[in-house]
Structures are given as structure tokens and as C-alpha cells.
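Take a look at the structure below.
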Amino acid sequence: MSQPAENILQVRGISLAFKGVKAINDFSFEVRRGEICALIGPNGAGKSSLLNILNGVYSFDAGEIIFEGRGFRQIDPLSAARQGIGRTFQNNALFKKMSVIDNILTGLSRHTRSHFLAQALQWPSARREAEQSRAKAEGILGFLDLQAQRDVLVGNLSYGLQKRVELGRALIAAPALLLLDEPMAGMNAEEKQEMAVYIADINRSLGTTVVLIEHDMAVVMDLSDHVVVLDYGRKVGDGTPAEVQANPQVISAYLGVGH
């Protein structure tokens, strides 16, 4: 990779509790610019909660997050998106009665500069922005091989294609950091392989740093540069795929030893 070897994200001592129950406990890790970092761990380990913290869905109780050199103790989803953090979710949050291209265009809603009146009256600035947005969406359709589905209602697509549309919606705003919450959940082997190729292309061709949650260990070990392991909200492993596979604490977490 040609990206400079520096940290795009630092998470320092993050804690999060729900009604007194710790979901994340004094958790720290770093993500280097240009890498694919996988978050793994048993169900309930706190992985999705951590992504929800990173893009502002959850407010954390303690700690600090540093993104692109800027530290913050709280952030909201709008600010996270505008600062360059994109996100997909476990369950497709798509508009099933809208076309593929219109779903992808919604990924720019938090980045629109023209106000409602300018759009309604089709002011020149609003028309230019709309044209630029459409051009970006067409580029995403090409990148993700979705041209044939351009005008199809999302609800009529296969599950695998819907997941690709959601990926496109997150990608259209050109995030510096892309958070993927189980992008391959519910997919068959062929669909997983296709999605892994698209994620690798996003990382290598676009230079996008990726943090993903994934349960398929074969996919994780093949796709990732860096793996972080959570268990009951604690970090029990952090390193290369090979280092994590050989870590006794990671083996214990997955086998349930001592739980």
C-alpha cells in the first residue's frame, strides 16, 4: 500500500455501560491509515457497540477518540459523516421502494450544501450540486457493478445485491474511514467472496481505511491486515492475523474456556 504509515484512528480507554452493565470496558486500539482492520469476538462482545461509538450513535462514558489527528469525547452521526466516517449496519437500512441509484444518492444527504428552497426552486447552485451528486452515484454503480440494477427497486433485489447497495450508499461520500458492521452476514459462500473482493478494491483502489466486523474467520484472516479481538467488552487480542490466531487469550475467548 502506498498510504503513509500513520494512525488515522486512535481509541483511548473507551468505556460504555447500559444501566450499569459494561458493554465496553477501558478499551483502546489504533487503526493505521490505509489498512483493513477486523473486529472479531463472540456474540455480545461489544463489537457493534464500538462501531456505534465511532460514528456517534452511542455516547461513551469515558475515554477519548482521535480521528485524523482531532480528539473528541463525544460526536454525533452528522458530525462523524461530515468528518469522513462512513458506516453500514448489520441489517440493511435501505429504502425498499426506491431505486438503487436513489438509495445510493441518500448517502450524500448529510453532505448537501444547498438548502431546501434552493433545491425546490432549482437555483443554479442546487442544479450543479444535483448533477455532481448524480455523477458520483453513477461512478459508484460502475465501481460496484450495479449498472444493470440502476433503476430497479431495492426491495426486488437479492439479499447480496442489497448489501452491495448499502455499501455503495456508504461509499458515495468518499469516507476516509469506512465502518462495516457484518457486511457478509446472511450471505452464501459465493456472495461472501464477491463482497470480500469489493472491500479489498475499496481499500486498495480508493485508499479507504476499513474497520469491519466479521464472524467468518477464513474471510477475516484472508482480507485483514490487522485484527482486534473483543470479549465481554475487553480487548483480548491485537495484532496481525497470524499473531491473533496464535494468541491463547483469543483461543480461550472463542472456545469459552473459563466462562
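The values are calculated or read from the model by the stated rules, or taken from the named source; none is laboratory data. Since the structure is predicted, the reported quantities are computational estimates derived from the model, not experimental observations. Glycine also receives a Cβ, built like all others from the backbone with ideal geometry; neighbour counts cover every protein chain displayed.
Here is how the numbers come out for the structure above:
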item	result
Total residues in the stretch 144-160, condition part of a helix (DSSP H, G or I) and not aromatic (Phe, Trp, Tyr)	7
Hey, ASP225 within 21 Å of ILE85 (Cβ to Cβ) and touching a residue at least 24 places away in the same chain (Cβ under 8 Å) or not	yes
Residue among VAL21, VAL57 that is over 16 Å from the mean Cα position of the chain (by Cα) and not aromatic (Phe, Trp, Tyr)	VAL21
Test: residue in the stretch 211-219 that is out of contact with any strand residue (DSSP E or B) (no Cβ under 7 Å at 6 or more places or on another chain) and closer than 13 Å to THR88 by Cβ	no
Scope the stretch 128-144; condition within 18 Å of TYR198 (Cα to Cα) and exposed (fewer than 13 other Cβ atoms within 10 Å of the Cβ); matching residues	GLY142
Pair list, Cβ < 7 Å and 6+ apart or interchain, from the stretch 34-55 residues that are farther than 18 Å from GLN245 by Cα to residues that are assigned to a strand (DSSP E or B) and of a type in the set (Asp, Glu)	SER48/ASP181; LEU51/ASP181
Restricting the stretch 97-143 to residues that are assigned to a loop (DSSP other than H, G, I, E, B) and more than 25 Å from the chain's Cα centre (by Cα), the residue that is modelled with the highest pLDDT	GLN122
Flag if TYR232 is on the phi > 0 side of the Ramachandran plot and either basic (Lys, Arg) or surrounded by 15 or more Cβ atoms within 10 Å (Cβ to Cβ) (or both)	yes
Wholly within the stretch 1-96, strands (runs of 3 or more DSSP E) carrying at least 3 residues that are touching a strand residue (DSSP E or B) at 6+ places or on another chain (Cβ under 7 Å), closer than 26 Å to VAL220 by Cα and charged (D, E, K, R)	21-32
